[in-house]
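So the structure is just underneath, and the comments pick up after that.
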């Protein structure tokens, strides 16, 4: 993979070597004039800090969790800046790398290109490597081992099917009722209210397992550690920091990189209590992600009222006696089916029968359930654009009949 030095990349690289302030030089621009942009809020001190004060505070932690919006280049710019400025960095772990990448990383790739090749990033389904390259470059520059923090897709599927089991290592003891509610509410929020209610609890299980697994991988490393992950995983109340503390980390600090919104210019306008520190940035795009999700569902004929209410669903189609097959596609390596079948190259495929969901689910309900299956395949925190899916109205005929949709 070649490094394309487009203007956005040059802006990112300016902040990687400590030669420029993290504030300014934004690659994104929506609401860049919001007075919060470039400022850091401390939830515990209830005040603003300067970027240098943030780094000084983070230097005291055993583990620093940097929670991003995956496709915002400024979040990666700031992550790289922090890694460069921490007094010591023992290791940098990534949600974007799973346990199957660990053997290749153990070979010690020494350049960002070598990392991308070793983990087959182009086939991973994550945003283009050029966005993450500054973070990997910062880790390599600090001579910090790069760790794969994420569990395999197979492990997550098992959790979705069988539920969580108590594990003395992962510390998956039940959450307090208010914590469980907060996690399930976040899942409903991130899926815009369209996740079928019966899928919320299994998705919460998968999220908890993922967070506990990532915590365990970070705990294994030596010295001050940094975890790069989505903002939901960086929540100090229900995310990775909770399990890091349960598993023995003495001091854990989380930073949530948060995009500002129109007309929201006070810290209290945002869920700042979820993190130890919030670093405000411009928005990547001025589009409501739930509106994008809604449009996608409408295009696929799967529109229904979200669980939280809102516009009424169109008249439901009658239930079909024929089994349905929900096939989910994402850019990435092939993953075997339930019986060991090989799905189409470069895709994840899941077979689903209507009766297994609910005996009277109408056609549009089946497609809504397929949305949840897409979330299962692509990760419990997958956003609307994480993968593609389609429902087949015929009897399932094997993976060989499924044609993959082009990766986006």
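The values are calculated or read from the model by the stated rules, or taken from the named source; none is laboratory data. It should be emphasised that the depicted structure is a prediction, and the values quoted were computed from it without experimental measurement. Positions of Cβ are generated from backbone atoms using ideal geometry, with glycine treated the same way; all protein chains shown enter the neighbour counts.
Has region 44-58 got at least one residue that is crowded, with 21+ Cβ neighbours inside 10 Å and in a helix (DSSP H, G or I)? Yes, region 44-58 has at least one match.
Among the strands (runs of 3 or more DSSP E) confined to region 194-283, the ones with at least 3 residues that are under 17 Å from the mean Cα position of the chain (by Cα) are located at 225-230, 252-259. From the list 84, 75, the one residue that fits, being buried (at least 19 other Cβ atoms within 10 Å of the Cβ), over 24 Å from residue 246 (Cα atoms), out of contact with any helix residue (DSSP H, G or I) (no Cβ under 6 Å at 6 or more places or on another chain) and touching a residue at least 12 places away in the same chain (Cβ under 8 Å), is 75. Scanning region 120-144 for residues that are in contact (Cβ under 8 Å) with a residue 24 or more places away in the chain and not in a helix (DSSP H, G or I), we see that the one that is surrounded by the fewest Cβ atoms within 10 Å (Cβ to Cβ) is 120. Looking across region 147-200 at every residue that is touching a strand residue (DSSP E or B) at 6+ places or on another chain (Cβ under 6 Å) and farther than 25 Å from residue 271 by Cβ, the one that is surrounded by the fewest Cβ atoms within 10 Å (Cβ to Cβ) is identified as 152.
Checked against the criterion of being at pLDDT 95 or above, assigned by TED's automatic domain parsing to the domain that holds residue 224 and either in contact with a helix residue (DSSP H, G or I) (Cβ under 9 Å, 6 or more places away or on another chain) or more than 30 Å from residue 263 (Cβ to Cβ) (or both), the candidates 109, 51, 35 yield just one match: 109. Look at (1) within 25 Å of residue 63 (Cα to Cα); (2) at pLDDT below 95 and you find that residue 287 fails only one, number (1).
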